[in-house]
Amino acid sequence: MNKVLQNYGSIIWLLVGISVGSLIGIFYPNAVAVLKPVGDIFLNLLFVSVIPLLFFAISSSIANIEDSKTLGKTISVMTIVFIATIVIAAICTILGLWAFPVTAIQDSNALVDALPSNPEDSWGDRIVRFLSVDEFGNLLSRKSILAFVIFSLLVGVATRRSGEMGRQFTQFLNAGNKVMENLLTLIMKAGPVGLGAYFAFQVKTLGPELFGFYAKPLGFYYAFGLIFFIIIFSVYAFLAKGSHGVSSYWKHNIAPSLTALSTCSSLATLPANLLAAKRIGIPHNIASIVIPLGNTLYKNGSAISSILKIYVAFSILNWDFFEPSTLITAVGITVLVSMVAGGIPNGGFIGEMLMISIYGIPNEAVPSILIIGALVDPLATVLNATGDTVAAMLVTRFSGEKFETESVEA
């Protein structure tokens, strides 16, 4: 019990902060003017940390991939599997929200009034603005994060091609990545206070209707996520290894699932996943590549959460989420978030930054999305972590490798 409380301590404290902030917003609305600057400082700390965090996380991840023909083939198939299944998760979530819409807040004039009134750009202008900037200094703005992601990927590729000097630079990237992970962890320790202060502001602005609004998206995530976990993962296992693959996957996926649920950590689930892969019969050369990389780059739970967060933001602002260009952009953001930010502690924050950059969402809507991301973390971790094993099964199937004999070890 102590271990469970320790693992979920951050979520519990976050709930305490939100609850206190909500009560202040309801019963002491005059105090909100004093508290809101505290929330603004917290958000600003997150905003200024995201650029170096992204650079080191992405560049070091690419730089540490070693090159070989076998590795190249496995990574090619793995990439296709990762992207295709993340897109499937995003589309299924969109269909789920269309069939079972979450009721939006009725009165959000205060947030809508905060929106900038920019003229409409052509698609060509948007593509240029999202994918590139005209000066290096502009890369350091959170408004240009998509361009910065591409730049960081290219730096990682260039590092791999730089021989001995590249290996020295890789050590620098790895060290920087570790430092930035710890920095974000330190900042997020202030989350209960910062988000609680901002939540007090939202309660005062939008009223108690917020509580019903949060309950419905969370209810949708847990119901939909559980259905997705059981049905879609079973379909993937069947495609990889037939009916025997389904029974084998679920037989050996119990320990990883419980590990993910109890630790809320995909990294902590990695050893259990590798053992499960061996028992399922996934070849070692596949499992040793796909599962460790998937631990960082492949996040089904984050994909579902990303779509839900965008939907929630649009609901708060009374925007049309189901407009075709919005849906296409949402799927694109989801792929980036799921395959780039997965290895970063609190990496779902990157999704909010991309949302703000691409959709022009005002900062006032960000805390609501952060709160949902924190509250869905247990099931999201289960989906993120255990999806790595079923992805390795698919990579084995589509790369032409043969499954080994299933282990009967306990």
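The values are calculated or read from the model by the stated rules, or taken from the named source; none is laboratory data. Please read all numbers here as calculations on a predicted model, not as lab measurements. Here Cβ is always computed from backbone atoms with ideal geometry, including for glycine, and neighbour counts include all displayed protein chains. Ligands, DNA and RNA are excluded from the accessible area calculation, which covers all protein heavy atoms including side chains. Shrake-Rupley method; radii C 1.70, N 1.55, O 1.52, S 1.80 Å.
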Notebook entry, point to check: To the nearest 0.05, what FRET efficiency results for VAL20 and LEU218 with a Förster distance of 25 Å applied to their C-beta separation?
Noted result: 0.80
Next item on the list: Measure off 7 Å from each Cα along the Cα-to-Cβ vector at LYS251 and ASP40, then give the distance between these two points in nanometres to one decimal.
Entry: 6.1 nm
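Would you mind getting me the FRET efficiency between PHE172 and LYS73? Use the beta-carbon distance for r and R0 = 22 Å, nearest 0.05. Don't skip to the answer; put the middle values down first.
Numbers: r = 30 Å, r/R0 = 1.36.
Computed FRET efficiency for PHE172 and LYS73: 0.15.
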Checklist line | Inter-site label distance for PHE322 and PHE398 at 7 Å from Cα along Cβ, in nm | finding: 3.0 nm
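Run the numbers for ILE12 and ILE91: contour at 0.36 nm per residue of separation, minus the present Cα-Cα distance, in nm. Write out the running numbers ahead of the final one.
Values: separation 79, 0.36 × 79 = 28.44 nm, distance 3.15 nm.
Full extension of this stretch gives 25.3 nm more.
Greater than 29 Å separation of Cα atoms is the criterion. Which listed pairs, LYS189/LYS251; LYS189/LYS299; LYS251/LYS402; LYS73/LYS278; LYS73/LYS309; LYS178/LYS309, meet it? Write down the numbers at each step before the final one.
Working: LYS189/LYS251 38 Å; LYS189/LYS299 24 Å; LYS251/LYS402 20 Å; LYS73/LYS278 21 Å; LYS73/LYS309 34 Å; LYS178/LYS309 27 Å.
LYS189/LYS251; LYS73/LYS309, as the Cα separations exceed 29 Å there.
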Margin query: Can you order the peptides 288-294, 304-310, 28-34 by their average number of other Cβ atoms within 10 Å per residue, highest first?
Written below: 304-310, 288-294, 28-34
Next item on the list: Would you work out what percent of the accessible area of the range 223-320, with all protein chains in place, is carbon or sulfur (probe 1.4 Å)?
Entry: 74 percent
